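Worksheet: one structure, shown below.
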Amino acid sequence: MKKVALVTGGSRGIGLGIAVQLAANGFDLAINGMRPAADVEDAIKQLQNHGSDVIYCRGSIALSAGREHIINEVRKHYQRLDVLVNNAGMAPGQRNDILEATEESYDEVMNTNLKGSYFLMQKAANWMIEQKKKDIAFSGCIINISSMSATVASVNRGEYCLSKAGLSMATQLFAVRLGTFNIPVYEVRPGIIRTDMTAGVKEKYDKLIEEGLCVQQRWGEPEDVGRAVAALAKGDFMYSTGQVIMVDGGLTIPRL
């Protein structure tokens, strides 16, 4: 029986890059997003071409009812969940300096990136514990997609940095709590990845990368993140719970 992975925000960008790599490695998939089902048909077909069974669970992870619906859809279709990839996230609508940032933007970003991911982890963790108690051979894991912004300060998007720093601590908290059940929890921390989220700052980062911002002088691609996630999901790093996997081309290496 194939393992099942739930990938939030899995129909485009980094999430789709992750889902493609999981499909290529033999996982069945539940893809979550906010867009109408008709808008994700091409992404679903791309995943199905790898031989995976794929369902689309539409809903907002920022809302309790949305999280409940997503998990219930996975239960109804698969009756199991082996891997949660907490990837869904958003940037601030406007990149405001922290001296002018609004509470509305703060709440919107934090509710999705941190609160939503935190409580979806809680639901998935309890279900995985339930499965482990029924079958000692059950082998699940949780993978949180944070960002280099968990530690690299950007004063024009403080709410985003705070949300990712919080998610980093959430990884450690759940890693400790789920250790008893041998359910590892990991953090994958991407750098500058080519997606629709970064399209608006392409020229800026093209120049910075050319000038040596990253050790590896290129943009990261969604499949770079996907390969790291697939290795974790397959169980290649079972003795590394709570750890951070950097996918940033060496950007955060301190250099003189």
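Each residue in segment 15-47 was checked for being within 15 Å of the chain's Cα centre (by Cα) and assigned to a helix (DSSP H, G or I), and 8 pass. Taking residues in segment 9-32 that are at positive phi, and partners anywhere that are assigned to a loop (DSSP other than H, G, I, E, B) and among the hydroxyl-bearing types (Ser, Thr, Tyr), the pairs with Cβ atoms closer than 6 Å and at least 6 places apart or on different chains are GLY13/THR195. Inside segment 171-203, residues that are closer than 18 Å to ILE143 by Cβ and either touching a Pro at 6+ places or on another chain (Cβ under 6 Å) or surrounded by fewer than 13 Cβ atoms within 10 Å (Cβ to Cβ) (or both) make up a count of 1.
Rundown of residues vs (1) buried (at least 17 other Cβ atoms within 10 Å of the Cβ); (2) on the phi > 0 side of the Ramachandran plot; (3) touching a residue at least 12 places away in the same chain (Cβ under 8 Å), yes/no style:
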| position | (1), (2), (3) |
| --- | --- |
| ASP107 | no, no, no |
| SER117 | yes, no, yes |
| TRP127 | yes, no, yes |
| GLY140 | yes, no, yes |
| ILE143 | yes, no, yes |
| MET148 | yes, no, yes |
| THR151 | no, no, yes |
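Of all residues in segment 188-242, those that are of a type outside the set (A, V, I, L, M, F, W, C) and part of a loop (DSSP other than H, G, I, E, B) total 17.
Any residue at all in segment 59-81 that is under 17 Å from PRO184 (Cβ atoms) and of a type in the set (A, V, I, L, M, F, W, C)? So far as segment 59-81 goes, yes, one or more of its residues are under 17 Å from PRO184 (Cβ atoms) and of a type in the set (A, V, I, L, M, F, W, C).
Where a number appears in this text, it was derived from the coordinates with a stated rule and is not lab data. In this text, all values refer to a predicted model and were calculated from it rather than measured experimentally. No Cβ is skipped: glycine too gets one built from the backbone with ideal geometry, and neighbour counts run over all protein chains shown.
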